[in-house]
């Protein structure tokens, strides 16, 4: 199905025309895309799907809130969903803290829609995979995925919000397997044409060859250079652990008692910026509030939170455009985190390390202690020993158990170039490589 | 124009796929209804009610797979799905491998649905809200508690499976979950205690009786007191000791270190770049000692109440029960029609999709640790020195499923066969076969519970699977607890790499 554009807003307007509602909001999302997966250097799974979601939020009696979500845009189905949401609302207890809904706003035009990416067919994706697979060195096989997708979002409410946005996205990931070593690379861009797939393939293959015959290294605390994908994991976990105002208010944020204080190295600045030219997404949140750039950690100081409409009203501030579909038990969430790059070339980060580890990426990271920002996870697909500024071969993968803030407090240098990375569906983060003086590896594995 | 019935849509898609050149095709029409309710303290914090229908078409063309799916189901779009799936499969042939061959299957024509006590979707919303508010109110009566949360989740999925081989299946699976979470915050710390399990509670196939059995209100004050006690408890010191894992934690241990490594797609490398592979090889069957003689694990899609319980998997293969590990020896794998061919067997029926929009993948069904003997009290009484570790709060394992580390909500010291002090922030870690090799006891049927895991991630695009694990508490010897290097100054240990040696391995 072709791009729907204004048609999405028409669906939203039909939805909020329900009789008897004091407040009404419709969120309409259309997603479509194809994903071509490969393993052992063959395409083994290739999919395409399209979805259309209509989520209604209706308010009766001033502060009783009900929601209903359907995957259909036929007027009769939308009207039935509106009746369902109103029925739910009438059943719900009053919400004394109901903040109302946002009013109309102006939205920055985000030019992230690329027709060629939206129209990319399975042969195009397969061709990119073939090009990479056919150039692999002898003895190296590859697994990974090539994805192209399009996203359209509309929000309308009875107070005059009319938000409409669209974005495309393309990604290519490759894990190269050279027997006793693996290497990995990933790229993500709004436009497929901007992905340098061949370079990703070459990088992964080179890493895999270099990662062969890994040696065993005892667990312990080591200096590290984390490549951007690994840094993105740390940044995204921080986002999950409490930049949202609701989490902060409920005491389940690591920032409780730390706002305005130094929490890490002055070399570290973290922002959330959905409007940046080099990210993916639309320019408003799920309540139709324009997204703003928010500096969360400013040269090492915990600077600010993100707010959805409810939290903003409670705090007497402007919402920052980070609302999830309301009402939300989680509250606001930063989905476009970025660590501001430094001035050190990535090669110099390694060259400046006397002894330590170069880490490509992390696997299966999980929270250990929220208030300490301690997480655990494994290295994978290229972990190397560095001595006198030179890579001296691969080491077996290690488990880290490490406070993120402690690691960011020990940053020695920040890389000059950044990559857009994603981790387990938590969103996307843009991060540079980091040189860190001390990183705790708590155990080791067998490969 | 009359809207087409789901059966007609499935038939239409199938015909279009075959006409476009599919050698094999199946069409799955799925309707999934979800209702999720969250009460925090004294107010409804979130309520989601979602109704999603769509159709996915999977085809084989010249030995390559293609899949296309949509939520928008007018007749022309449905025909297009069949044609599009074939186009996708043809594109895949540009990077070919061994052609896919499907293990033989007698196509079934059948209906199946989850046995229900009380249909949870007809329980009035007001009744659900009232129960959760009462569960929160009971928690909040405990001094020192910061937040109380209570949740109910309902899922119903109807699946029509139509295949070009003649299968015509109609299944409806209903699953219900409920839980409470007590949160205590203070002195820069946050502690949580959950019931019956963490991450929104206990989930089973069944109706409102699942919620009633959880007795949220009856357990609320105990759980809240434990959360407050944890806030004031000491940190668990690092050491090597005996641990007893409760059934909730042991079910996740089974999930991560037995279920996933035995998925044959992981073993064959087709999930390598994302979820990972496995330390297990196909030729290990019958040869690999996975654990001690006390360890027997069964894959059983017929377990009453399991989230992995169904009549047929999403390839139309009937539900089965088969051993994975027997007396500690590896006996089987979780398989599909495609992967079973490579082993020269028929499918074990473990292909499951998370909805209309995803192709089926090999997933766990109910992967159960078979019970041993005795009660938890008996096991504690038989333990001179160790820890009882209760309810998961953190999990992580490497991409071949060898090195793992788990965190739990609570740890009680065991001294002389009796429970003693409470510790917080407890973790344990190990390596899979060493750890299972150290298990010397599992409690009996009276302590055996089917625990639901509703959040198993796998695949690209990402799919969320719901699986279960029957487990009773079990005891493991010489387990490392706590985190190396987490406390103390330690200094910087930038040692050069060493060749060989144990290198800090444990478990």
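No lab work stands behind these numbers, since they all come straight from the coordinates. Because the structure is predicted, anything quoted here is derived from the model rather than measured. In this analysis, Cβ positions are derived from the backbone assuming ideal geometry, glycine residues included, and neighbour counts consider all displayed protein chains.
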Using alpha-carbon positions, what is the distance between the centroids of region A:250-279 and region A:382-415, in Å? 22 Å
Hey, what angle do you get for helix B:75-92 against the long axis of chain B, alpha-carbon based, 0 to 90 degrees rounded to 10? 80 degrees
Which FRET efficiency value, to the nearest 0.05, is calculated for residue B:221 and residue A:406 with the Förster distance at 51 angstrom and r the Cβ-Cβ distance? 0.85
Ratio of alpha-carbon Rg to the 2.2 N^0.38 Å globular estimate for the protein assembly as shown, to two decimals, please. 0.89
Can you give the alpha-carbon Rg of region B:6-231 over 2.2 N^0.38 Å, where N counts its residues? 1.37
What is the spin-label model distance, in nm, from residue B:212 to residue B:421 if the labels are put 7 Å beyond Cα along the C-beta direction? 4.4 nm
Radius of gyration and Dmax for region B:1-105's Cα atoms, expressed in Å? 18.3, 59
PRE zone check, label point 7 Å out along Cα-to-Cβ of residue B:127, amide N under 18 Å, scope region A:81-115, hits A:88, A:91-93
Please report, in Å, the Rg and the Dmax of chain A, where both are computed over Cα atoms only. 23.4, 73
Please report the orientation-averaged projected area of region A:347-394, defined via the convex hull of its C-alpha atoms, in nm². 4.0 nm²
For region B:424-490 and region B:316-353, what is the separation of their C-alpha centers, rounded to whole Å? 23 Å
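How high is the relative contact order of region B:239-481, given as a whole-number percent (alpha carbon pairs under 8 Å, six or more residues apart)?
RCO, region B:239-481: 28 percent.
Over all directions, the average projected area of the alpha-carbon convex hull for region B:390-454 comes to how many nm²? It would help to have the intermediate numbers written out before the result.
Numbers: hull surface 24.0 nm².
The directionally averaged projection comes out at 6.0 nm².
Whole number please: convex hull volume per residue, Cα atoms of region A:58-173, in Å³.
On the way: hull volume 21.8 nm³, N = 116.
In region A:58-173, the Cα hull volume divided by residue count equals 188 Å³.
Return the FRET efficiency for the residue pair residue B:343, residue A:31: r is the Cβ-Cβ distance, R0 is 41 Å, and the value is rounded to the nearest 0.05. Write down the numbers at each step before the final one.
Details: r = 37 Å, r/R0 = 0.91.
Efficiency at R0 = 41 Å is approximately 0.65.
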10 Å Cβ neighbours from other chains, averaged over peptide B:283-294: 0
Measure nothing but the geometry: give the 0 to 90° angle between the long axis through the Cα atoms of B:216-231 and the longest principal axis through the Cα atoms of chain B, rounded to 10°. 50 degrees
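First obtain the Kirkwood hydrodynamic radius of region B:207-354 from its Cα pairs, then insert it into the Stokes-Einstein equation at 4 °C and 1.567 mPa s, and state the resulting D in µm² per second as a whole number.
Values: Rh = 18.2 Å.
The Stokes-Einstein estimate is 71 µm²/s.
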Using every pair of alpha-carbon atoms in region B:239-481, split the distances into 10 Å bins beginning at 0 and state the percent of pairs per bin, rounded to integers. 8, 34, 36, 17, 5, 0
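Ranked highest first by the average count of other Cβ atoms within 10 Å around their residues, in what order do A:104-115, B:14-25, B:85-96 fall? Can you show the working numbers first?
Details: A:104-115: 14.6, B:14-25: 20.3, B:85-96: 23.2.
The peptides rank, most packed first, as B:85-96, B:14-25, A:104-115.
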Report the paramagnetic label zone for residue A:258: residues of region A:287-325 whose backbone N is under 17 Å from a point 7 Å from Cα along the Cα-to-Cβ axis. A:295-306
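Over all directions, the average projected area of the alpha-carbon convex hull for region A:201-350 comes to how many nm²? Don't jump to the answer; show the numbers that get you there.
Details: hull surface 47.5 nm².
That works out to 11.9 nm².
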Rounded to the nearest whole Å³, what is the per residue volume of the convex hull around the Cα atoms of region B:221-287? 181 Å³
On C-alpha positions alone, give me the angle between the axis of helix A:228-240 and the longest principal axis of chain A, in degrees, nearest 10. 40 degrees
Give me the number: length gained by fully extending residue B:98 to residue B:238, i.e. 0.36 nm times residue separation minus the C-alpha to C-alpha distance, one decimal in nm. 45.4 nm
Percent breakdown of C-alpha pair distances by 20 Å bin, ordered from the shortest bin, for chain B: 22, 51, 25, 2
What is the log10 of I(q)/I(0) for region B:363-429, computed with the Debye formula using one identical point scatterer on each Cα and no solvent, at q = 0.19, 0.26 Å⁻¹? -0.93, -1.10
Let me have the relative contact order for chain A, percent, based on Cα pairs under 8 Å that are six or more residues apart. 15 percent
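What percent does the relative contact order of region B:6-231 come to when contacts are Cα pairs within less than 8 Å and at least six residues apart? Display every interim value, and only then the final one.
On the way: 549 pairs, mean separation 48.3, N = 226.
21 percent.
Under the √(5λ) rule applied to the eigenvalues of the Cα gyration tensor, what semi-axes describe the equivalent ellipsoid of region A:6-206? Give them in Å, descending.
Values: eigenvalues 409, 54, 44 Å².
Largest first, region A:6-206 gives 45, 16, 15 Å.
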Rounded Å value of the spacing that divides the Cα centres of region B:259-274 and region A:70-128: 35 Å
Report, as an integer, the average count of C-beta atoms from other chains found within 10 Å of each Cβ along A:374-383. 4
